[in-house]
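Chemist: Okay, here's the structure, questions in a sec.
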Amino acid sequence: MTHVPHEAAHLHARHQAVLPSWLSLYYERPLELTHGEGRHVWDAEGNRYLDFFGGILTTMTAHALPEVTKAVSEQAGRILHTSTLYLSRPMVELAERIAALSGIPDARVFFTTSGTEANDTALLLATTHRRSNQILAMRNSYHGRSFSTVGITGNQSWSPTSLSPLQTLYVHGGVRSRGPYAELGDREFIAACVADLEDMLQQTAGGVAALIAEPVQGVGGFTAPPDGLYAAFREVLARHDILWISDEVQTGWGRTGDHFWGWQAHAENGPPDLLTFAKGIGNGMSVGGVVARAEVMNSLTANSISTFGGSPVTMAAGLANLNHLLEHDLQGNARRVGGLLIERLRAVAAGLDIVREVRGRGLMIGLELVRPGTDEPSPEAASLVLEAARERGLLIGKGGQGGASLRIAPPMSLTVAEAEEGAGLLAEALRTAQAVLAGA
């Protein structure tokens, strides 16, 4: 690859001079991505990369998707902004589509600009409806960067303050292969987590407002409970009139392959009361939102608006992107190509001491890395693999406890050939990291 390190170093220095120290960057030599097409992106030095992270699961369909680019351009040529104080045809049309797809009866949709804001809104709705500031959340969870959402984030690496307007109670179940119930079979695991939930509710004073949970934990390293856990939780929640919020910011729109929404792996007792979405629906445009039963959504008694939520341009992008996703069955592609990719990565991992687990479904795959010869999570190994993959032309993500898990989430239009190529590049990066750690 061709490198022009001076220009990148200069931009990095400018970044450090004006942006927060906690706004972390990937790589020892941070990348400036300048353009993309399909499943590939290019940096400012002219290097081409196979994108296996999609801007943190946001480039859902493809880079520079013509339908989205055209929709954005045409809408921008008419009017860029109006606000929610005026009727908006694109907003109504996208809301109708999402309400119908959500599975929630008598659904109402409120648009935001991010997943953080969507989850913040869901918390506002649930606590107002239930007249309680008590929230159940999952251990190892992540729901955003606002003051309220870091207060329900069960992953220490992403929760910078213990102060919160909410009283949060953390429940077992989001991580299958670690913790006190890891050695149990799936049915026993679910039973133990339900018993833990029941016990916790007996200790609380007053009524809990809601449980918020990611069907697959994103920043947590793509961990997930056995199918049916949240259905079992729902039985308990229903007895206590506690709402269920499904955080679909990363799992929505068919990325897991098996289902359109992550909650559908836990659907025995019906849909959630609220679901939140963002990231992929805009394919890079700032779109987020909440879907809720009308009774819950309409429980706010004061006026509210959104200046930028539901803007004409982002709604046009969302509509075009959703149409493309459905017309090209990208959920089915995620299931088929994702299944192949997981198989390839498990075959690679079988011969490596640094890979503890390959997990996930569809095009949402996590690899948990450990120090060779131990069960100890290794952030160092994850950083080594991230760098080695970049040098080979592959972009991946990190997450999990301490940042010891790799996150694989390419655009959902990934081809079989690209999956094979990416698996090969990642295998080389993993072997390189293992050799470095063994030498150390």
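Chemist: Among the residues in region 122-136, are any within 19 Å of the chain's Cα centre (by Cα) and over 23 Å from residue 221 (Cα atoms)?
Modeler: Checking region 122-136: at least one residue is within 19 Å of the chain's Cα centre (by Cα) and over 23 Å from residue 221 (Cα atoms).
Chemist: Does any residue of region 27-42 turn out to be hydroxyl-bearing (Ser, Thr, Tyr) and assigned to a loop (DSSP other than H, G, I, E, B)?
Modeler: yes
Chemist: Within region 343-396, which residues are of a type in the set (A, V, I, L, M, F, W, C), in contact with a Lys or Arg (Cβ under 8 Å, 6 or more places away or on another chain) and in a helix (DSSP H, G or I)?
Modeler: 381, 382, 386
Chemist: Which of the numbered conditions does residue 99 fail, given that it passes all the others? Conditions: (1) part of a loop (DSSP other than H, G, I, E, B); (2) within 21 Å of the chain's Cα centre (by Cα).
Modeler: (1)
Chemist: Based on what the data block shows, is residue 397 out of contact with any Gly (no Cβ under 8 Å at 6 or more places or on another chain), in the same structural domain as residue 373 (by TED's automatic domain parsing) and under 20 Å from residue 284 (Cβ atoms)?
Modeler: Against the criterion (out of contact with any Gly (no Cβ under 8 Å at 6 or more places or on another chain), in the same structural domain as residue 373 (by TED's automatic domain parsing) and under 20 Å from residue 284 (Cβ atoms)), residue 397 qualifies.
Chemist: Can you say whether residue 164 is among the polar types (S, T, N, Q) and either in contact with a helix residue (DSSP H, G or I) (Cβ under 6 Å, 6 or more places away or on another chain) or more than 21 Å from residue 122 (Cα to Cα) (or both), as far as the supplied structure shows?
Modeler: Against the criterion (among the polar types (S, T, N, Q) and either in contact with a helix residue (DSSP H, G or I) (Cβ under 6 Å, 6 or more places away or on another chain) or more than 21 Å from residue 122 (Cα to Cα) (or both)), residue 164 does not qualify.
Chemist: For region 44-70, give me each residue that is surrounded by fewer than 13 Cβ atoms within 10 Å (Cβ to Cβ) and free of Cβ contacts under 8 Å to residues at least 40 places away in the same chain.
Modeler: 66, the sole residue that qualifies.
Chemist: Go through (1) in a helix (DSSP H, G or I); (2) farther than 22 Å from residue 319 by Cα and name the single condition residue 93 misses.
Modeler: (2)
Chemist: Going by what's in this entry, would residue 121 be described as in the same structural domain as residue 292 (by TED's automatic domain parsing), buried (at least 23 other Cβ atoms within 10 Å of the Cβ), touching a residue at least 60 places away in the same chain (Cβ under 8 Å) and of a type in the set (Val, Ile, Thr)?
Modeler: For residue 121, the condition - in the same structural domain as residue 292 (by TED's automatic domain parsing), buried (at least 23 other Cβ atoms within 10 Å of the Cβ), touching a residue at least 60 places away in the same chain (Cβ under 8 Å) and of a type in the set (Val, Ile, Thr) - is met.
Chemist: If a residue has to be under 14 Å from residue 253 (Cβ atoms), over 15 Å from the mean Cα position of the chain (by Cα) and crowded, with 24+ Cβ neighbours inside 10 Å to count, how many in region 272-319 make the cut?
Modeler: Within region 272-319, residues that are under 14 Å from residue 253 (Cβ atoms), over 15 Å from the mean Cα position of the chain (by Cα) and crowded, with 24+ Cβ neighbours inside 10 Å number 3.
Chemist: Test residue 338 against the criterion of being within 20 Å of the chain's Cα centre (by Cα), crowded, with 23+ Cβ neighbours inside 10 Å and either touching a residue at least 12 places away in the same chain (Cβ under 8 Å) or assigned by TED's automatic domain parsing to the domain that holds residue 102 (or both), and give yes or no.
Modeler: Values: within 20 Å of the chain's Cα centre (by Cα): yes; crowded, with 23+ Cβ neighbours inside 10 Å: yes; either touching a residue at least 12 places away in the same chain (Cβ under 8 Å) or assigned by TED's automatic domain parsing to the domain that holds residue 102 (or both): yes.
Yes.
Chemist: Quick one: would you say residue 113 is within 28 Å of residue 366 (Cα to Cα), in contact with a helix residue (DSSP H, G or I) (Cβ under 6 Å, 6 or more places away or on another chain), of a type outside the set (A, V, I, L, M, F, W, C) and touching a residue at least 60 places away in the same chain (Cβ under 8 Å)? Steps first, answer last, please.
Modeler: Details: within 28 Å of residue 366 (Cα to Cα): yes; in contact with a helix residue (DSSP H, G or I) (Cβ under 6 Å, 6 or more places away or on another chain): no; of a type outside the set (A, V, I, L, M, F, W, C): yes; touching a residue at least 60 places away in the same chain (Cβ under 8 Å): yes.
Taking the combined requirement at face value, the residue does not satisfy it.
Chemist: Which of the residues spanning region 209-244 are of a type in the set (A, V, I, L, M), without any contact (Cβ under 8 Å) to a residue 40 or more places away in the chain and touching a helix residue (DSSP H, G or I) at 6+ places or on another chain (Cβ under 8 Å)?
Modeler: 231
Chemist: Now a separate question. Residue 114: out of contact with any Lys or Arg (no Cβ under 9 Å at 6 or more places or on another chain) and in the same structural domain as residue 243 (by TED's automatic domain parsing), yes or no?
Modeler: The answer is no for residue 114.
Chemist: Here's a follow-up. Of everything in region 379-421 that's of a type in the set (S, T, N, Q) and over 25 Å from residue 139 (Cβ atoms), which residue is surrounded by the most Cβ atoms within 10 Å (Cβ to Cβ)?
Modeler: Selected residue: 413.
Chemist: Take the conditions touching a helix residue (DSSP H, G or I) at 6+ places or on another chain (Cβ under 6 Å) and not basic (Lys, Arg) and apply them to residue 150. Does it pass?
Modeler: no
Chemist: Within region 71-86, does at least one residue satisfy the condition of being in a loop (DSSP other than H, G, I, E, B) and crowded, with 16+ Cβ neighbours inside 10 Å?
Modeler: Yes, region 71-86 contains a residue that is in a loop (DSSP other than H, G, I, E, B) and crowded, with 16+ Cβ neighbours inside 10 Å.
Chemist: Still on this structure: Every residue in region 161-203 that is among the small types (Gly, Ala, Ser) and part of a loop (DSSP other than H, G, I, E, B), please.
Modeler: 162, 164, 173, 174, 177, 179, 182, 185
The values are calculated or read from the model by the stated rules, or taken from the named source; none is laboratory data. All values derive from a computational prediction rather than experimental measurement. For neighbour counting, all protein chains shown are included, and Cβ atoms are generated from backbone atoms with ideal geometry for every residue, glycine included.
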